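Below: one structure, written as structure tokens.
The values are calculated or read from the model by the stated rules, or taken from the named source; none is laboratory data. The model shown is predicted, which means the values in this text are computed figures rather than measured ones. FYI the Cβ positions are ideal-geometry reconstructions off the backbone, even for glycines, and counts take in every protein chain you see.
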Amino acid sequence: KEMTVRDALNSALDEEMSADPTVFVMGEEVGEYQGAYKITKGLLDKYGPERVVDTPITEAGFTGIGVGAAYHGLRPVVEFMTFNFSMQAIDHIINSAAKSNYMSAGQISVPIVFRGPNGAAAGVGAQHSQCYAAWFGSCPGLKVLAPYSSEDARGLLKAAIRDPDPVVFLENELLYGESFPISAEALDSSFSLPIGKAKIEREGKDVTIVAYSKMVGYALQAAERLSKEGISAEVINLRSIRPLDRRAINASVRKTNRLVTVEEGFPQHGVGAEICASVVEESFEYLDAPVERISGADVPMPYAADLERLAVPQVEDIVRAAKRACFRAK
Amino acid sequence: KEMTVRDALNSALDEEMSADPTVFVMGEEVGEYQGAYKITKGLLDKYGPERVVDTPITEAGFTGIGVGAAYHGLRPVVEFMTFNFSMQAIDHIINSAAKSNYMSAGQISVPIVFRGPNGAAAGVGAQHSQCYAAWFGSCPGLKVLAPYSSEDARGLLKAAIRDPDPVVFLENELLYGESFPISAEALDSSFSLPIGKAKIEREGKDVTIVAYSKMVGYALQAAERLSKEGISAEVINLRSIRPLDRRAINASVRKTNRLVTVEEGFPQHGVGAEICASVVEESFEYLDAPVERISGADVPMPYAADLERLAVPQVEDIVRAAKRACFRAK
Amino acid sequence: ESALSIETSIPFIGHRIDPPSRTVETTPNELMDFFKTMVLMRRMEIAADSLYKAKLIRGFCHLYDGQEAVAIGMEAAITKKDAIITAYRDHCIFLGRGGTLVEAFAELMGRRDGCSKGKGGSMHFYKKDSGFFGGHGIVGAQVPLGCGIAFGQKYSKDGSVTFTLYGDGAANQGQLFEALNMSALLDLPVILVCENNHYGMGTAEWRAAKSPAYYKRGDYVPGLKVDGMDALAVKQACKFAKEYVLKNGPIILEMDTYRYHGHSMSDPGSTYRTRDEISGVRQERDPIERIRKLLLAHELSTEKDLKDIEKSARKEVDEAIAKAKESPMPDPSELFTNVYVKGYGVESFGADRKELRAVLP
Amino acid sequence: ESALSIETSIPFIGHRIDPPSRTVETTPNELMDFFKTMVLMRRMEIAADSLYKAKLIRGFCHLYDGQEAVAIGMEAAITKKDAIITAYRDHCIFLGRGGTLVEAFAELMGRRDGCSKGKGGSMHFYKKDSGFFGGHGIVGAQVPLGCGIAFGQKYSKDGSVTFTLYGDGAANQGQLFEALNMSALLDLPVILVCENNHYGMGTAEWRAAKSPAYYKRGDYVPGLKVDGMDALAVKQACKFAKEYVLKNGPIILEMDTYRYHGHSMSDPGSTYRTRDEISGVRQERDPIERIRKLLLAHELSTEKDLKDIEKSARKEVDEAIAKAKESPMPDPSELFTNVYVKGYGVESFGADRKELRAVLP
Ligand SMILES: Cc1ncc(C[n+]2csc(CCOP(=O)(O)OP(=O)(O)O)c2C)c(N)n1
Ligand SMILES: Cc1ncc(C[n+]2csc(CCOP(=O)(O)OP(=O)(O)O)c2C)c(N)n1
Ligand SMILES: [Mg+2]
Ligand SMILES: [Mg+2]
């Protein structure tokens, strides 16, 4: 059976709302418009305007209200039309949500999910293309998830909603329409995936490719091409940016001795840099080649199609980097 | 001659305002109150309320106004009382300032400085202690500076104000009152330091310690202690987080073959991770030991003195890490 | 050439201020110019729609048809030393400021001759040399930015003012209230122009605002409600506002207007409003038809001449598109230009940093 | 015990609403309680000042002396099922909600028995079990948060309301306008309480706000101006407001009050206002003295009894400090607790990750 990421997210929301009356959805156009990207389609009809709350275009205000509702014990799912707009509300995500349980020594827990599309879409320019994985992933108190497939989307969103801590849930607009095979188990309403655990999407022995979100698909394509050239690549889908599954990454690198990281975000202080640091710290002597980092280009996102293509990783970038890693012994 | 960092910043502002009538200062309490930390002391008297603008506590509003004024050709210096409050305005720093020159293909340059104390102070708790070096440092379009000494403070602030691009200038409250020797050259009103260049604060041959802001002082203390144990540490003061002086860092590591990074911010996706990645990418075969990373603890900042001490790097952490790096051959 | 006095069909409504006269001075030339420019704008937007559907324009594309009178009336009241800043619905403002069709279409298609050399896209048009500061994608952000430009104008005492345009949806943004308070404290020469087209995406104004009387939303700041479908009313209000703000600090103008298209290209624009509503506005309030009627009623032109103008607008647009299509894609090296004004010769990186790196100019 | 009716010395002023009666019902017990609690609060704050100077309290420390009537009057009108949220000036609100002196002082000194186990500090007091949601350090942030708590209250239909307190400086924050608009659209049972002490740090209200009439700043939302130095007036207004918001959605209460101390400990509080101004308020409007006068005038107590109360407050505070001092520092292992409710057994790191790491509970 197949399911799109959009339907996976939509069904996860639906099931969690049906299972727990404290779960509600809030954001711009989530109700009557059925969601800017239709992720919340049908929910207003089913659960009514008290639980599917259309908001004005006031991110700071509604995010603060969401966090306050979580203080009170509800389980808000706050949608950002895209995560670019979360910057208007980032103080509430960091200072009001992530830090409250700590500052109050456990009195004020914040069971909230912030979700929406993150990172580059197609042709939307510099202000609508930023990836926030590294920023949010740096903040203790937050959990940060980034699904790739429909199974990821369902399992992780359900886990996020059930989790007692604030979760930043980074989707990808270009994946919404993609179909993935999905198991019966993953379709069960009790299904959920563990937070903080990466998934080995493809086993291999020559080089480890670590990626998250849309780049997992590119990494799998790269692995396919590499296999034709006799290189066996192991592909790790991070699923969780924070906690980062350092164990899974290091275990794989200890096996393959070579590492390529792939992300769409800006390179400096990115997820790739952290993975590199983690492997250098824990598995230095296993590394047979320099870690290769593939990332978004270090420029604001340009609009023009040719420049945009240069600004985000392509499958051939991953292939090239993996080969560099493999053909070079230390 | 000696000068405090506070006086260094104050004199740099004063001289640049006097040299260029388009430079003005804006922020909370910068005028009549003489600055929350007295960095702008005396400027209102000297330059009047048109050029020293007290604002309401509305960071999004005044930062946007500052950026707009820069669009028009002025050179605003916007003070955040601390950088924690820059989160309320971060959309303007990133989307309105950093990306405009690119999106407009060079039409809308943004010669603005965002400055204020960054990172941990003493006993101010979780919401007032965050370090934003890694976040801002990840964004193309921004330049990010972090002075340590009074010479740094003067030279870099003057460079920042004269620079045609948006500069995030990260000070440290605990350094404001510290005195440093200062040369006649650095006291000259024409003085400035190059953006993007690190400074070797102390030469050494056994291990490289890279730090910025307050941690440079700790690194120097660590180097002193290490020298007593026969370890010669080279201390690099980054000065600039973005652009990052990859050349200076790699040159040093190629000499010492060992690296310790030190920062006060959260570890994940931090400055240390980037430095590690850069050295692994460019100087992998020179590394004789795993890169050691010292950073703020991966928790929100606690208030209690004993916990706070555990949450930020101490000199002994650096010493210990350097020894680990040195006593372990690959 | 003889001056004309024309009455606006709807009176202005003032908040804490006496509104200007309903009698607007104009000339036959001005009316003809209004007609021509609006027709051109309308045609440009319709063509953009087609180009989008032909996949020659990517991403977001927000069209302005229906709202042309605001762009045109505002320009008629001010000079290019005055500044304008707006949101993502920016094509026609750009044209109004003197931008060319070729620059517009080339930008929309991501070509080298675009007004942002193809790097900005639909939402990021600029023409700084005639006081157009963009083209902003973040709802509400342009309001403090516009107040900041006005800060610069006041600082340099050049007697110019800034018009900062935002939608009814944006009107609820907190940064607007912050910027307005500061502008009022500092007496900045800024005019906040709320283009109330009654919907922010799919949300009707009253669902997003407890008080949709946007001309009053400044509370302690005066405001004026203006028929935004009447270019002459817009002109009158903007002239009035410019004089006012130079002496007294900020004012709000609420322009009652309408967008015919959906919000952006993915929105059919018909799920949250009725087709009747749209066609009603088209029939009764269309800004181009209003001027056409005026020109005919005052016998300043003929049906045929006006049709010819429309035809030549179509031709002009087609030619511009053809030209824009000839413009090449940006050179790959442009990936690394304009990141900074001054790059200090630092190295920057592409997706594969070992393969693609460049020294920043 | 006989009920009393007492007239507030200043009338309420309403914005878009008829104000409540100036005649406030009270009882001798309530007045005595007001006196005792305010005296205790005042003493606590003075003691905190000394502890700070003795370097036993670190970082920021914002004192509430002068403003006690707001905390006390509000509590008298509501129950602990109602919620309160405030900024960093939170010690007395905590006490009013039933927090103890020992918890307060231990928190201020960063000890284990602090209300946040020493992890929060002066700005981050909480007592969730009596509806106190903190203690927030970011100016203005608590306003949407408070509206969100009210959202939860309305959602669970429990008939309770939220009071969200903010200063005159915070009143200009854009997020307040955003949250107010949404609260009005959703009819949330939230009372926005502007504690107008006339200064935000060193900035007088009129320098930060074009319109310092904060009870009117909701524009389309009704407001009430209240003598915040008169506990009975505060009580009356809060009672009125609670009833109002349960039926109609948000209201703003502007409490005209005063802080005697500087903004925080580094501010002498005397550069931006005159000593005369401060002593004038102390003499004419002090909230404790007002109640003392009432108690004496109505012969409900004697000078001596009231003095004794003050003495025993002093003793109570001293004993609490002594006890708090005995409380140990937090255990080092607390560094890693409460980062998450559910840590999934993931490893977390100290400054030297090879030396200090812990498995998150
Ligand atoms: C801060 C932010 N939130 C959300 C969006 C997504 N968005 C783009 S336009 C828009 C509607 C704006 O409506 P309005 O202000 O009325 O302007 P109009 O489109 O009608 O011209 C929304 C929600 C955005 N760009 N920025
Ligand atoms: C967003 C933000 N900006 C600045 C500060 C620094 N700051 C703390 S309190 C304060 C003054 C607030 O004044 P007001 O709201 O009147 O409250 P009061 O202190 O008088 O109780 C300022 C500027 C902050 N904490 N948060
Ligand atoms: Mg609109
Ligand atoms: Mg105040």
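Numbers for the structure displayed
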{"read-out": "Hits in the stretch C:114-147 (condition: buried (at least 24 other Cβ atoms within 10 Å of the Cβ), in contact (Cβ under 8 Å) with a residue 24 or more places away in the chain and out of contact with any strand residue (DSSP E or B) (no Cβ under 8 Å at 6 or more places or on another chain))", "value": "C:GLY114, C:LYS117, C:GLY118, C:LYS119, C:GLY121, C:SER122, C:LYS127, C:GLY137, C:ALA141, C:PRO144"}
{"read-out": "Filter pass, D:LEU232 being modelled with pLDDT of 95 or more, within 16 Å of ligand 4 (Cβ to nearest atom) and either outside any helix (DSSP H, G or I) or on the phi < 0 side of the Ramachandran plot (or both)", "value": "no"}
{"read-out": "All positions within the stretch C:158-195 that are within 14 Å of the chain's Cα centre (by Cα), among the aromatic types (Phe, Trp, Tyr) and more than 16 Å from ligand 3 (Cβ to nearest atom)", "value": "C:PHE163"}
{"read-out": "Answer from D:ASP227, D:ASP276 - the residue that is under 14 Å from D:VAL193 (Cα atoms), more than 16 Å from ligand 1 (Cβ to nearest atom) and in the same structural domain as D:MET182 (by TED's automatic domain parsing)", "value": "D:ASP227"}
{"read-out": "Of all residues making up the stretch C:163-173, the number that are of a type in the set (Gly, Ala, Ser), in a helix (DSSP H, G or I) and either within 16 Å of ligand 4 (Cβ to nearest atom) or within 8 Å of another protein chain (Cβ to nearest Cβ) (or both)", "value": "1"}
{"read-out": "Unique match (being away from chain D (no Cβ under 14 Å), free of Cβ contacts under 8 Å to residues at least 60 places away in the same chain and among the basic types (Lys, Arg)) among A:LYS41, A:LYS99", "value": "A:LYS41"}
{"read-out": "Single residue of D:GLU178, D:GLU205 found to be within 12 Å of chain C (Cβ to nearest Cβ), crowded, with 23+ Cβ neighbours inside 10 Å and farther than 21 Å from D:GLY131 by Cα", "value": "D:GLU178"}
{"read-out": "Failed item, numbered, when A:TRP135 is tested on (1) surrounded by fewer than 24 Cβ atoms within 10 Å (Cβ to Cβ); (2) more than 19 Å from A:PHE191 (Cα to Cα)", "value": "(1)"}
{"read-out": "From B:ALA248, B:ALA233, residue being more than 21 Å from D:GLY350 (Cα to Cα), more than 14 Å from chain D (Cβ to nearest Cβ) and in contact with a Leu (Cβ under 6 Å, 6 or more places away or on another chain)", "value": "B:ALA233"}
{"read-out": "Residue match in the stretch C:215-224 (condition: at negative phi, within 16 Å of ligand 3 (Cβ to nearest atom), more than 14 Å from chain D (Cβ to nearest Cβ) and of a type in the set (Ser, Thr, Tyr))", "value": "no"}
{"read-out": "Of residues in the stretch A:109-132 being under 25 Å from D:GLY174 (Cα atoms) and of a type in the set (Val, Ile, Thr), the one surrounded by the most Cβ atoms within 10 Å (Cβ to Cβ)", "value": "A:ILE112"}
{"read-out": "Condition broken by D:ALA54, with the remaining ones in (1) within 16 Å of ligand 4 (Cβ to nearest atom); (2) hydrophobic (A, V, I, L, M, F, W, C); (3) free of Cβ contacts under 8 Å to residues at least 12 places away in the same chain satisfied", "value": "(1)"}
{"read-out": "Where D:VAL190 falls short, out of the listed (1) away from chain C (no Cβ under 12 Å); (2) within 16 Å of ligand 2 (Cβ to nearest atom)", "value": "(2)"}
{"read-out": "Sole exception among (1) within 14 Å of chain D (Cβ to nearest Cβ); (2) out of contact with any strand residue (DSSP E or B) (no Cβ under 9 Å at 6 or more places or on another chain) for B:PRO117, by number", "value": "(2)"}
{"read-out": "Residue list for the stretch A:142-201, restricted to those being assigned to a strand (DSSP E or B) and under 24 Å from A:THR82 (Cα atoms)", "value": "A:LYS143, A:VAL144, A:LEU145, A:VAL167, A:VAL168, A:PHE169, A:LEU170, A:GLU171, A:SER179, A:PHE180"}
{"read-out": "Number of positions in the stretch C:107-137 that are within 15 Å of the chain's Cα centre (by Cα) and of a type in the set (A, V, I, L, M)", "value": "1"}
{"read-out": "Number of the condition not met by C:PRO268 [criteria: (1) within 14 Å of chain A (Cβ to nearest Cβ); (2) touching a Gly at 6+ places or on another chain (Cβ under 7 Å); (3) at pLDDT 95 or above]", "value": "(3)"}
{"read-out": "Test: residue in the stretch B:275-296 that is outside the structural domain of B:SER150 (by TED's automatic domain parsing) and under 30 Å from D:TYR52 (Cβ atoms)", "value": "yes"}
{"read-out": "Test for C:GLY137: is it within 12 Å of ligand 1 (Cβ to nearest atom) and more than 23 Å from C:ALA77 (Cβ to Cβ)", "value": "yes"}
{"read-out": "Test set (1) in the same structural domain as D:ARG43 (by TED's automatic domain parsing); (2) within 30 Å of A:ALA160 (Cα to Cα) - D:LEU294 fails condition number", "value": "(2)"}
{"read-out": "Helices (runs of 4 or more DSSP H) (entirely within the stretch C:61-162) containing at least 2 residues that are more than 25 Å from C:ILE321 (Cβ to Cβ) and within 8 Å of chain B (Cβ to nearest Cβ)", "value": "C:142-155"}
{"read-out": "Selection status of A:PRO76, touching a residue at least 40 places away in the same chain (Cβ under 8 Å), within 9 Å of chain D (Cβ to nearest Cβ) and in a strand (DSSP E or B)", "value": "yes"}
{"read-out": "Members of the stretch D:71-81 that are touching a residue at least 60 places away in the same chain (Cβ under 8 Å) and buried (at least 24 other Cβ atoms within 10 Å of the Cβ)", "value": "D:ILE72, D:GLY73, D:MET74"}
{"read-out": "The one condition in (1) crowded, with 24+ Cβ neighbours inside 10 Å; (2) at the interface with another protein chain (Cβ under 10 Å from one of its Cβ atoms); (3) of a type outside the set (Asp, Glu) that A:GLY106 fails to fulfil", "value": "(1)"}
{"read-out": "Count of the stretch A:268-319 residues which are under 24 Å from C:SER122 (Cα atoms) and either away from chain C (no Cβ under 12 Å) or not hydrophobic (A, V, I, L, M, F, W, C) (or both)", "value": "9"}
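Every residue, every condition in (1) among the hydrophobic types (A, V, I, L, M, F, W, C); (2) under 18 Å from C:ILE84 (Cα atoms); (3) within 16 Å of ligand 1 (Cβ to nearest atom), yes or no:
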residue	(1), (2), (3)
B:GLY73	no, yes, no
B:MET81	yes, no, no
B:ILE90	yes, no, yes
B:SER104	no, yes, no
B:ILE112	yes, no, no
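Matching residues to (1) within 14 Å of chain A (Cβ to nearest Cβ); (2) closer than 18 Å to B:GLY296 by Cα; (3) touching a Lys or Arg at 6+ places or on another chain (Cβ under 9 Å):
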residue: D:GLU284; (1), (2), (3): no, no, no
residue: D:ARG290; (1), (2), (3): no, no, no
residue: D:LYS293; (1), (2), (3): no, no, no
residue: D:LYS304; (1), (2), (3): no, no, no
residue: D:VAL317; (1), (2), (3): no, no, yes
residue: D:ILE321; (1), (2), (3): no, no, no
residue: D:GLU347; (1), (2), (3): yes, yes, yes
residue: D:GLY350; (1), (2), (3): yes, yes, yes
residue: D:ALA358; (1), (2), (3): yes, yes, no
